[in-house]
Every structure is written in C-alpha cells, then in structure tokens.
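Q: Pasting a structure here, questions to come.
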Amino acid sequence: MASNIAPIFIPSQGTQESVEVLNLVANLNLMPHIEGGYFVETDRARDKTPSPFAGGKSSTSELAPQRPGFDPAVRNSSTTIFYLLTPGGPQGGFHRNKARTVHTLHQGRGRYVIIHADEEGKEKRIETFTVGHNVAKGERLQWIVEGGKFKASYLLPDEEGGNSSKGLLISETVVPGFEYCDHDFLSERGLEELVGPTNAVGLKWLLSPLGKEN
C-alpha cells in the first residue's frame, strides 16, 4: 500500500469554505452527498435497459430511499453528476456501485484509492493514483472504476506542496444509470476482510460513518 495515503485537509466544526467554493456550490446547485462532498445530477438518460443486476436491498437502501417511480427491473442507460470535494468536505468514504463509472476532471486535485474487491485472491489489490492537470507527472484527467470495486477519494492541494484548494470538481457517468439499491458502503470489518488487518489500519480513516457491519 502506498505510504502517502493520508488526509491533507481535516474538517472541523469551524471549517469555513472559501468564497470561490461557496460560489461554485451555489452556481452549480450542488447539495451534500451521502458519500461525502457535494453533488447534483445533471443527466438521466431517457432510454432504459433491463437491469443486469440481481435484486435485493443494499446497505444504503434504507439511508437513501429510491426515487419516485423507480422500477427495479430496469435501469436508465446512464446517469451523470457533478461531484465536488472541498476543504470542508474533503473526502468520499469507501463505497462501490454495481455499475461502471466514468470520471472526468474539471478542476482541482485529489487522490483515489481503489480496492479491487471483484478480483481473485485472499487479500485484494489496492490501487491509488492522483487526479489533476499535471499529466506529465502522471496525474489523471479521466479514470474508470468498474462495478464491484470499492473506491474512496480525498482532496489534495491545488498545487503539489501547497496547502490550499478551491475544490476538486469532477463529473461521474454511471453505466447503466445510478440507483441507490446498486450502492454499498464498506464497513470496518469488511475492510479488514478485503485487505487484511495491517493494511486496514492505514485505510480506516477513509471509511464512511454510514458503513454498517453485515
């Protein structure tokens, strides 16, 4: 596991967002996301496809009830959101979707941590990478997370070695479209089972408080 997986921005009750961040939240009509940070759904494709997923409730079904008119037998072909991490909401806790998610960077920098829970092996592979505009140093402008993998993200300074950020703004397109019944948070016990107790110690801070033991 990479030794640089550590929080940079640690929010407190007194954390004040900058004017730039507050304006961005207001101008994009963003709202708090259950995963952490802010979001708004910008597109839900009208065409639908039979659901490729087995039925059943997820760990977040009770926390975020399904939208009105939801039919579990079908999915919209895709959905897209803006997603924003800020100094006051600097991380998104470990979660997975059954569907594939395409991410596109708009502004800022951040780090993603992916647990490949869908792969073979007793201890699952942990992948981490930086998203940002410095492609010469390996930062990513676009990245894809396949269904079944747990991901978490956290905010980095706008410039390497700096200490300030105007927020990490991305788009996420989920294929087939997002539904809360296809979404799960990772629990502490689940984390240890996936990556082993030693690796879990360094990743526990990225767990969502909404992750429940099964």
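One line per residue, one yes/no per condition, for (1) open to solvent by 40 Å² or more (accessible area, probe 1.4 Å); (2) free of Cβ contacts under 8 Å to residues at least 12 places away in the same chain; (3) touching a Gly at 6+ places or on another chain (Cβ under 9 Å):
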{"residue": "GLU17", "(1), (2), (3)": "no, no, yes"}
{"residue": "LEU22", "(1), (2), (3)": "yes, yes, no"}
{"residue": "VAL25", "(1), (2), (3)": "no, no, yes"}
{"residue": "HIS33", "(1), (2), (3)": "no, no, yes"}
{"residue": "GLY36", "(1), (2), (3)": "no, no, yes"}
{"residue": "GLY55", "(1), (2), (3)": "yes, no, no"}
{"residue": "ALA64", "(1), (2), (3)": "no, no, no"}
{"residue": "ARG96", "(1), (2), (3)": "yes, no, yes"}
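Q: To continue, here is another question. Taking PHE82, is it open to solvent by less than 10 Å² (accessible area, probe 1.4 Å) and among the aromatic types (Phe, Trp, Tyr)? Lay out the reasoning, then the answer.
A: Details: open to solvent by less than 10 Å² (accessible area, probe 1.4 Å): no; among the aromatic types (Phe, Trp, Tyr): yes.
For PHE82, the condition - open to solvent by less than 10 Å² (accessible area, probe 1.4 Å) and among the aromatic types (Phe, Trp, Tyr) - is not met.
Q: Looking at (1) surrounded by 19 or more Cβ atoms within 10 Å (Cβ to Cβ); (2) free of Cβ contacts under 8 Å to residues at least 24 places away in the same chain, which is the one condition that is false for GLU192?
A: (1)
Q: With the requirement that a residue be of a type in the set (Gly, Ala, Ser), more than 17 Å from the chain's Cα centre (by Cα) and surrounded by fewer than 21 Cβ atoms within 10 Å (Cβ to Cβ), what does the range 158-186 give you?
A: GLY161, GLY162, SER164
Q: Please go through the range 118-129 and pick out each residue that is touching a strand residue (DSSP E or B) at 6+ places or on another chain (Cβ under 9 Å) and open to solvent by 20 Å² or more (accessible area, probe 1.4 Å).
A: At the first step, the residues of the range 118-129 found to be touching a strand residue (DSSP E or B) at 6+ places or on another chain (Cβ under 9 Å) are 118, 124-129.
Hits for the range 118-129 are ASP118, LYS124, ARG125, ILE126, GLU127, THR128.
Q: So which pairs qualify, if the first residue must be in the range 200-214 and crowded, with 18+ Cβ neighbours inside 10 Å, the second must be part of a loop (DSSP other than H, G, I, E, B), the Cβ gap must be under 6 Å, and the two must be at least 6 apart or on different chains?
A: What qualifies is GLY211/LEU186; GLY211/SER187.
Q: Within the range 114-168, how many residues turn out to be touching a Leu at 6+ places or on another chain (Cβ under 7 Å) and closer than 20 Å to ASP182 by Cα?
A: The total comes to 5.
Q: Something else: Looking only at the range 137-151, which residues are open to solvent by 50 Å² or more (accessible area, probe 1.4 Å) and within 7 Å of VAL102 (Cα to Cα)?
A: If the condition is that a residue be open to solvent by 50 Å² or more (accessible area, probe 1.4 Å) and within 7 Å of VAL102 (Cα to Cα), then ILE144 is the only one that fits.
Q: Okay, next question. Just to be sure before I move on: is PRO68 in contact (Cβ under 8 Å) with a residue 40 or more places away in the chain and open to solvent by 80 Å² or more (accessible area, probe 1.4 Å) in the structure I sent? Even if it seems obvious, please write down each step before you answer.
A: On the way: in contact (Cβ under 8 Å) with a residue 40 or more places away in the chain: no; open to solvent by 80 Å² or more (accessible area, probe 1.4 Å): yes.
No; evaluated as a whole, the condition is false for this residue.
Q: Here are some residues: GLY132, GLY92, GLY110, GLY88. Which one is under 27 Å from ILE8 (Cβ atoms), open to solvent by less than 40 Å² (accessible area, probe 1.4 Å), in contact with a Pro (Cβ under 8 Å, 6 or more places away or on another chain) and among the small types (Gly, Ala, Ser)? Spell out the reasoning first.
A: On the way: GLY132 fails: in contact with a Pro (Cβ under 8 Å, 6 or more places away or on another chain); GLY92 fails: in contact with a Pro (Cβ under 8 Å, 6 or more places away or on another chain); GLY110 fails: in contact with a Pro (Cβ under 8 Å, 6 or more places away or on another chain).
On inspection, the qualifying residue turns out to be GLY88.
Q: Quick check: anything in the range 146-167 more than 16 Å from PHE94 (Cα to Cα), among the aliphatic types (A, V, I, L, M) and either out of contact with any strand residue (DSSP E or B) (no Cβ under 7 Å at 6 or more places or on another chain) or touching a residue at least 24 places away in the same chain (Cβ under 8 Å) (or both)? Can you show your working first?
A: If we filter the range 146-167 for residues that are more than 16 Å from PHE94 (Cα to Cα), which is where we start, we get 156-167.
Within this subset, residues satisfying the condition of being among the aliphatic types (A, V, I, L, M) are 156.
If we keep only those that are either out of contact with any strand residue (DSSP E or B) (no Cβ under 7 Å at 6 or more places or on another chain) or touching a residue at least 24 places away in the same chain (Cβ under 8 Å) (or both) as well, we get 156.
There is at least one residue in the range 146-167 that is more than 16 Å from PHE94 (Cα to Cα), among the aliphatic types (A, V, I, L, M) and either out of contact with any strand residue (DSSP E or B) (no Cβ under 7 Å at 6 or more places or on another chain) or touching a residue at least 24 places away in the same chain (Cβ under 8 Å) (or both).
Q: Which pairs do you get when a residue that is assigned to a loop (DSSP other than H, G, I, E, B), found in the range 133-145, comes within reach of a residue that is not aromatic (Phe, Trp, Tyr), reach meaning Cβ atoms under 6 angstrom, with the pair 6+ apart or on two chains?
A: Partner pairs satisfying both residue conditions: GLU139/THR130; GLU139/GLY132; LEU141/LEU105.
The values are calculated or read from the model by the stated rules, or taken from the named source; none is laboratory data. Remember, predicted model here, so these are calculated numbers, not experimental data. Cβ: placed from backbone, ideal geometry, glycine included. Neighbour counts: every protein chain shown. For the accessible areas, the whole protein counts, side chains as well, though only heavy atoms, and no ligand, DNA or RNA atoms are used. Shrake-Rupley method; radii C 1.70, N 1.55, O 1.52, S 1.80 Å.
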